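This report refers to the structure that appears directly beneath it.
Bear in mind these aren't lab numbers, they're just calculated from the coordinates by the rules spelled out. Computed from a predicted structure; not experimentally measured. Because the Cβ atoms are built from the backbone with ideal geometry, glycine has one as well, and the counts that use them run over all protein chains shown.
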Amino acid sequence: MLGNEYTQRIMPGWLKWLLVIISLLIISSLIFGIYLYLAVQENKTSSYEQIKETVIQETELRTVSQIERFHGDKAYYIVYGETEDKTEKIIFYPFSDEDSDVLTLEQSDIVTKETIKSDWKKACNSCTMIDIKPALINGDDVQPAWEVTYEDNANRYVMEYFSVSDGTRIEVLRFNRLYNGESE
């Protein structure tokens, strides 16, 4: 009997209910967030199996090892695979049927991802690498490139494009932060 009175004096009934409701809201939000993340990821990769089959039917690839996405002026699936004679290729397959520009690159004819990464690291040793992937740059004509995304030493998000044929820089985009999270 004495313990019950002590508990009521320390924590009133309305506060207990408030804590229960807040806990339920936090748990519900967490469950919804996880569900939403998984649904978005599933939607992002759900077409990969269909693209794999389509690319095998419509191109010279016989096996597909990896599929990525690139969004530039036009969106492309980037499909890595091998032909019947074991030649490794990269195919840029458009998202839309209206864009019939399928571009094929032989991996032996391009500067490797590792070469681009090591050259980039020498030029920007205090930068933080985010990603390297094939890209298509639209100018006068479509040009395949390596898209290197990183954070530079000035804390800017940078997208740098290098030619796949010789590794020269094609274009650089730097994004300044308007808010850096520090209070003055």
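For segment 113-175, the Kirkwood estimate of the hydrodynamic radius, built from every pair of different alpha carbons, is 11.8 Å. Between A154 and Q57, the modelled labels are 5.0 nm apart [label points 7 Å from Cα along Cα→Cβ].
State the percent of C-alpha pairs, over all pairs in segment 47-108, separated by a distance greater than 20 angstrom.
Tail of P(r) above 20 Å: 17 percent of Cα pairs.
Placing a pseudo-label 7 Å from each Cα along the Cα-to-Cβ vector at S118 and D101 gives an inter-label distance of 3.3 nm. The relative contact order of the chain comes to 10 percent, based on Cα pairs under 8 Å that sit 6 or more residues apart. Once you have a ≥ b ≥ c as the square roots of the Cα gyration tensor eigenvalues for the chain, tell me rounded if a/c is under 1.5, and otherwise prolate or oblate according to whether a/b is larger than b/c. Judged from the Cα gyration tensor, the chain comes out prolate (a/c at least 1.5, a/b above b/c). Using a 10 angstrom cutoff on alpha carbons, build the Gaussian network for the chain and name the most mobile of I132, I27, I78. Ranking I132, I27, I78 by mean-square fluctuation puts I27 first. When the pairs K74/K133; K44/K86; K44/K121; K86/K121; K44/K122; K52/K74 are compared against a 26 Å limit on Cα-Cα distance, K44/K86; K44/K121; K86/K121; K44/K122 fall above it. Taking G81, G33, G13 as the candidate residues, the one with maximal mean-square fluctuation in a Gaussian network model of the chain, Cα springs under 10 Å, is G13.
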